[in-house]
Amino acid sequence: MCEFCDGTAIFNGALCEHCKNGLAYTICGTCSEGINVTASFWALLPPIIAIGLALITKEVFSSLFVGILSGAILASDFKFLNTMDIVVNDGLISAVSGTAGIFIFLIELGILVALVNKAGGSRAFGNWAQKHVKTKVGAALCTFVLGILIFIDDYFNCLTVGSVMRPVTDKHKISRSKLAFLIDATAAPICMIAPISSWAAAVSQYAADGEGLNLFIMAIPFNFYSILTLVFVVSLILMKFDFGPMKKHELNAINGDLFSGAKVASDDNMECSERGRVLDLILPIVILLISSVFALVYVGGMFTPDSECYGDFIAAFAATDATVALPWAGLIALVVSIVYMVIRRTVNFKECMDAIPKGFIAMVPAILILTFATALKNVSGLLGADFFVGDMMRHFPEAVARLLPAVIFIVACILAFATGTSWGTFGILIPIIQAMFPATDPLFVVGISACLAGAVCGDHCSPISDTTIMSSAGAECEHINHVNTQIPYAIYVAAISFVCFIIAGFLPNWYIMLPVSVAIMIGSLFVTKIIVKKIDSKKTLQKEAVVVNEETNLRDL
């Protein structure tokens with residue numbers, strides 16, 4: 001804002017003398033002649049339009065593009081040619097050039113997924129599990145562990161875990177709705193707290209230059225929804241407890257009805273190698289993990305003698321650039337995996353090459369969302385949205401500011417639920433949050449975590465979410481059954497996460513908040529189990545009383 005008029009000229013749609021002389025521009029770089037919309041409420045119009053359209057249309061691509069276009073119109077002072085120039089150059093081209101490394105990594109992940117499935121690694125793991133898993137709890141835990149193991153990408157997770165574990169969970173009478181929940185509950189949450197994943201790469205792209213991955217890692221301990229979802233799943237499995245619609249589906253499965261409705265068509269005819277082994281699934285993931293760590297610290301300067309991070313693993317990891325390092329790691333993992341699979345003859349060279357277009361096609365939706373969201377961020381930056389939001393935050397009472405992480409969590413939940421996309425949600429909200437809090441403010445990291453957590457929560461509840469749909473497909477479960485049984489669980493975890501974000505606003509210390517949040521989750525589940533048991537006992541007694549009354553009436557007759 002202009003330090004002479006304190007922004008009143010901008011808010012009133014006029015320019016003070018200092019603004020007219022260009023002094024405000026030299027101070028903050030956001031003042032302009034003509035119709036002034038920079039560093040004002042108008043700067044928030046593009047993301048507001050994108051959010052509003054997404055809520056109304058439930059379609060993210062067109063909503064983001066209209067947001068970009070509206071921002072370009074404002075930034076160009078309503079001039080057609082300038083508008084097109086901003087949309088193409090400052091928006092889309094800048095977004096593509098700035099995220100090219102992430103695009104390459106996503107494509108490499110898609111190819112790796114196609115290779116692993118073709119080599120039969122996923123099917124081999126499923127065959128192994130059928131032989132060694134002996135109990136219902138073991139089958140559920142095995143599904144959970146496999147979901148944790150495949151942390152590099154949620155698409156890979158959903159499609160692989162479902163196809164691998166269906167025979168195992170069917171054998172132990174776990175409903176398809178429960179299987180779909182186990183898949184969905186480990187896919188996005190584990191990717192959101194794994195520093196080496198497609199989600200980490202995407203989130204880091206929206207943060208300040210050179211700080212993206214470091215910010216993502218710092219946000220992990222405060223990502224209450226993702227962490228508590230995993231705790232929730234393990235607790236339910238070990239406690240042998242379900243509630244809500246899921247309980248009915250599990251009872252149906254025990255009685256032989258795994259689907260609780262129409263049986264979904266099977267897709268078990270997918271062609272893959274009969275020579276596949278469990279190692280064909282695990283080795284590519286391990287190679288990707290090792291190569292990612294090496295590439296990240298290499299790019300961070302750990303092996304460069306004249307670098308400040310030379311020989312310092314932690315400093316190099318914090319200073320790295322994920323957009324450069326992760327494509328390196330993906331390429332190394334691909335080359336090693338292809339050589340290994342060709343030598344083992346699980347796939348031939350032609351099949352490896354056929355996996356390239358398949359991998360690219362699988363990642364097109366993610367690439368489009370990343371492109372449009374980054375372009376919207378760029379256009380909003382041209383309008384000075386960060387200056388406006390930052391100035392507004394400086395005038396907020398401290399007590400109100402400390403409640404913002406909880407508010408951000410709810411907003412992200414609603415947006416992700418309406419649009420069905422986590423990536424689009426944090427692509428819109430992260431730049432706004434960066435403007436709300438100074439980078440040195442402890443609430444900055446909590447706010448980012450709240451955004452990421454809310455995006456995952458809304459994604460879980462949304463019937464139009466890609467991961468929700470793929471979880472249903474992977475489990476071969478009726479989609480509406482998966483949505484109806486998962487929403488109560490997601491809301492349960494979301495309610496506890498909301499409380500934790502309120503507390504974290506006043507106590508932004510993850511050493512305290514993380515164990516407290518886990519304790520609240522486990523404690524609440526024990527209480528819920530007791531309450532549900534009492535309710536079930538009352539219902540049973542009422543049914544028995546009705547039966548006794550009917551028998552008595554029959555005797556009297």
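The values are calculated or read from the model by the stated rules, or taken from the named source; none is laboratory data. Everything numeric here is computed off the predicted structure, so don't read it as measured data. Here the Cβ is made from the backbone with ideal geometry for all residues, glycine too, and neighbour counts use every protein chain on show.
With the condition kept exactly as written, say whether any residue in the range 440-449 is crowded, with 22+ Cβ neighbours inside 10 Å, of a type in the set (D, E, K, R) and either over 25 Å from F144 (Cβ atoms) or out of contact with any Gly (no Cβ under 6 Å at 6 or more places or on another chain) (or both).
No, because not a single residue in the range 440-449 is crowded, with 22+ Cβ neighbours inside 10 Å, of a type in the set (D, E, K, R) and either over 25 Å from F144 (Cβ atoms) or out of contact with any Gly (no Cβ under 6 Å at 6 or more places or on another chain) (or both).
Identify, from the list D257, D170, D184, D242, the residue that is modelled with pLDDT of 90 or more and farther than 30 Å from G427 by Cβ.
Being modelled with pLDDT of 90 or more and farther than 30 Å from G427 by Cβ holds for just one of D257, D170, D184, D242, which is D242.
I'd like to verify a number: residues in the range 282-304 that are aromatic (F, W, Y) and either loosely packed, with under 15 Cβ neighbours inside 10 Å or touching a helix residue (DSSP H, G or I) at 6+ places or on another chain (Cβ under 6 Å) (or both), how many?
Filtering the range 282-304 down to residues aromatic (F, W, Y) leaves 294, 298, 303.
Keeping just the survivors that are either loosely packed, with under 15 Cβ neighbours inside 10 Å or touching a helix residue (DSSP H, G or I) at 6+ places or on another chain (Cβ under 6 Å) (or both) gives 303.
Number satisfying all stated conditions: 1.
For the range 295-313, how many residues meet the condition of being without any contact (Cβ under 8 Å) to a residue 40 or more places away in the chain and within 25 Å of the chain's Cα centre (by Cα)? Walk me through how you get there before you give the answer.
Of the range 295-313, the ones without any contact (Cβ under 8 Å) to a residue 40 or more places away in the chain are 295, 297-313.
From what's left, within 25 Å of the chain's Cα centre (by Cα): 295, 297.
Adding up the residues that qualify gives 2.
Is it the case, given these coordinates, that D77 is at positive phi, surrounded by fewer than 24 Cβ atoms within 10 Å (Cβ to Cβ) and not polar (S, T, N, Q)? Quick ask: steps written out before the conclusion?
Numbers: at positive phi: yes; surrounded by fewer than 24 Cβ atoms within 10 Å (Cβ to Cβ): yes; not polar (S, T, N, Q): yes.
In short, yes.
Just the residues that are β-branched (V, I, T) and touching a residue at least 60 places away in the same chain (Cβ under 8 Å), please, taken from the range 505-552. Reasoning before the result, please.
So in the range 505-552, the residues β-branched (V, I, T) come out as 512, 516, 518, 520, 522, 527-528, 530-532, 535, 540, 546-548, 552.
Across the range 505-552, the qualifying residues are V518, I522, T528, V532.
Can you pull out every residue in the range 90-115 that is more than 19 Å from I361 (Cβ to Cβ) and either at pLDDT below 85 or buried (at least 22 other Cβ atoms within 10 Å of the Cβ) (or both)?
Going through the range 90-115, the residues more than 19 Å from I361 (Cβ to Cβ) turn out to be 90-95, 97-98, 101.
Selection gives G91, A95, S97, G98, G101.
Considering each of I93, I111, I86 in turn, give the residue that is in the same structural domain as D321 (by TED's automatic domain parsing), β-branched (V, I, T) and in a helix (DSSP H, G or I). Can you show your working first?
Details: I93 fails: in the same structural domain as D321 (by TED's automatic domain parsing); I86 fails: in the same structural domain as D321 (by TED's automatic domain parsing).
Within the list I93, I111, I86, the selection yields I111.
Go through the range 420-528 and tell me which helices (runs of 4 or more DSSP H), entirely inside it, have 2 or more residues that are over 24 Å from S197 (Cβ atoms) and touching a helix residue (DSSP H, G or I) at 6+ places or on another chain (Cβ under 8 Å).
Working: elements: 422-436, 442-461, 466-475, 479-506.
Once the helices (runs of 4 or more DSSP H) in the range 420-528 are filtered for at least 2 residues that are over 24 Å from S197 (Cβ atoms) and touching a helix residue (DSSP H, G or I) at 6+ places or on another chain (Cβ under 8 Å), what remains is 422-436, 479-506.
Out of (1) modelled with pLDDT under 85; (2) out of contact with any Phe, Trp or Tyr (no Cβ under 7 Å at 6 or more places or on another chain), what's the single condition that is false for V286?
So the condition that V286 fails would be (1).
Please go through the range 101-128 and give me each residue that is of a type in the set (S, T, N, Q) and under 21 Å from K350 (Cα atoms), ordered by number. Break it down into steps so the answer makes sense when it comes.
First pass over the range 101-128, keeping only residues of a type in the set (S, T, N, Q): 117, 122, 127.
Those that are of a type in the set (S, T, N, Q) and under 21 Å from K350 (Cα atoms): N117, S122.
Restricting to the range 305-346, and then to whatever is of a type in the set (G, A, S) and more than 29 Å from I367 (Cα to Cα), can you tell me which residue is surrounded by the most Cβ atoms within 10 Å (Cβ to Cβ)? Outline the logic, then answer.
Let us first name the residues in the range 305-346 that are of a type in the set (G, A, S), namely 307, 311, 315-316, 318-319, 322, 325, 329-330, 333, 337.
Checking the rest, the ones that are also more than 29 Å from I367 (Cα to Cα) come to 307, 311, 315.
Details: S307: 15, G311: 12, A315: 17.
If we take residues in the range 305-346 being of a type in the set (G, A, S) and more than 29 Å from I367 (Cα to Cα), then A315 is surrounded by the most Cβ atoms within 10 Å (Cβ to Cβ).
Between a first residue in the range 156-172 that is closer than 14 Å to G121 by Cβ and a second residue that is basic (K, R) and part of a helix (DSSP H, G or I), which pairs have beta carbons less than 9 Å apart while being 6 or more apart in sequence or on different chains?
S163/R123; V164/R123
S462 is checked against (1) surrounded by 19 or more Cβ atoms within 10 Å (Cβ to Cβ); (2) over 28 Å from D257 (Cα atoms) and fails just one. What number does that condition carry?
(2)
If I ask for residues that are in contact with a Ser or Thr (Cβ under 6 Å, 6 or more places away or on another chain) and surrounded by fewer than 21 Cβ atoms within 10 Å (Cβ to Cβ), which ones from the range 465-482 would you list?
H479
Conditions (1) at pLDDT 80 or above; (2) under 25 Å from P221 (Cβ atoms); (3) surrounded by 14 or more Cβ atoms within 10 Å (Cβ to Cβ); (4) touching a Phe, Trp or Tyr at 6+ places or on another chain (Cβ under 8 Å), marked per residue:
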residue: L452; (1), (2), (3), (4): yes, yes, yes, yes
residue: I491; (1), (2), (3), (4): yes, yes, yes, no
residue: I496; (1), (2), (3), (4): yes, yes, yes, yes
residue: P515; (1), (2), (3), (4): yes, yes, no, no
residue: A519; (1), (2), (3), (4): yes, yes, no, no
residue: K538; (1), (2), (3), (4): yes, no, no, no
residue: R555; (1), (2), (3), (4): no, no, no, no
